[in-house]
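The values are calculated or read from the model by the stated rules, or taken from the named source; none is laboratory data. Fair warning: this is a prediction, and the values are worked out from it, not measured in the lab. With ideal geometry, Cβ positions are generated from the backbone for all residues, glycine too; neighbour counts draw on all protein chains shown. Calculation scope for accessible area: heavy atoms of the full protein, side chains included, ligands and nucleic acids excluded. Shrake-Rupley method; radii C 1.70, N 1.55, O 1.52, S 1.80 Å.
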Amino acid sequence: MKTAIVIHGLHLHAAQWEHIVWGEPAQGVYGRIPAGLREALRFDAPFIILGTGASFRDGMSEAEHMRGVAHRRIAEMPEFTQMGKEAAQAWFDAHVLLETTAL
């Protein structure tokens, strides 16, 4: 049996959107994305599903925006700092799946 981690989207116009979805993992404040990534590591999950909702910004869905934040900031997480930015991004890219149609 394989484990998948689902990280739910958040309305893109919500106040403090990036803080809610990312947080400050270097200070131990894990938003939705880093909490999900930490669980993916813990369970050696081959799949991380970024979910979406009905909101769009700049022509992109919630899941697409979350992928961008995670890809840009993953090396800030203590769990990935030793891996280095490029390796952490490659790990993320190999595991993430976008769900862009559920509303």
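Remarks
- Candidate set: region 17-30, residues that are in contact with a helix residue (DSSP H, G or I) (Cβ under 9 Å, 6 or more places away or on another chain) and more than 11 Å from M77 (Cα to Cα); chosen: the one least open to solvent (accessible area, probe 1.4 Å): V21
- Of all residues in region 7-16, those satisfying the criterion of being out of contact with any His (no Cβ under 7 Å at 6 or more places or on another chain), open to solvent by less than 80 Å² (accessible area, probe 1.4 Å) and either of a type in the set (D, E) or in contact (Cβ under 8 Å) with a residue 24 or more places away in the chain (or both) are I7, G9, L10.
- When we screen L50, L41 for residues that are touching an Asp or Glu at 6+ places or on another chain (Cβ under 8 Å), open to solvent by 40 Å² or more (accessible area, probe 1.4 Å) and without any contact (Cβ under 8 Å) to a residue 60 or more places away in the chain, the only hit is L41.
- Whichever residue in region 81-90 is of a type outside the set (D, E, K, R) and free of Cβ contacts under 8 Å to residues at least 12 places away in the same chain and, among such residues, is least open to solvent (accessible area, probe 1.4 Å): G84
- Some residue of region 63-74 being within 14 Å of the chain's Cα centre (by Cα), surrounded by fewer than 21 Cβ atoms within 10 Å (Cβ to Cβ) and without any contact (Cβ under 8 Å) to a residue 12 or more places away in the chain: yes
- Residue check for R57: surrounded by 14 or more Cβ atoms within 10 Å (Cβ to Cβ), in contact with a helix residue (DSSP H, G or I) (Cβ under 9 Å, 6 or more places away or on another chain), touching a residue at least 24 places away in the same chain (Cβ under 8 Å) and among the basic types (K, R): no
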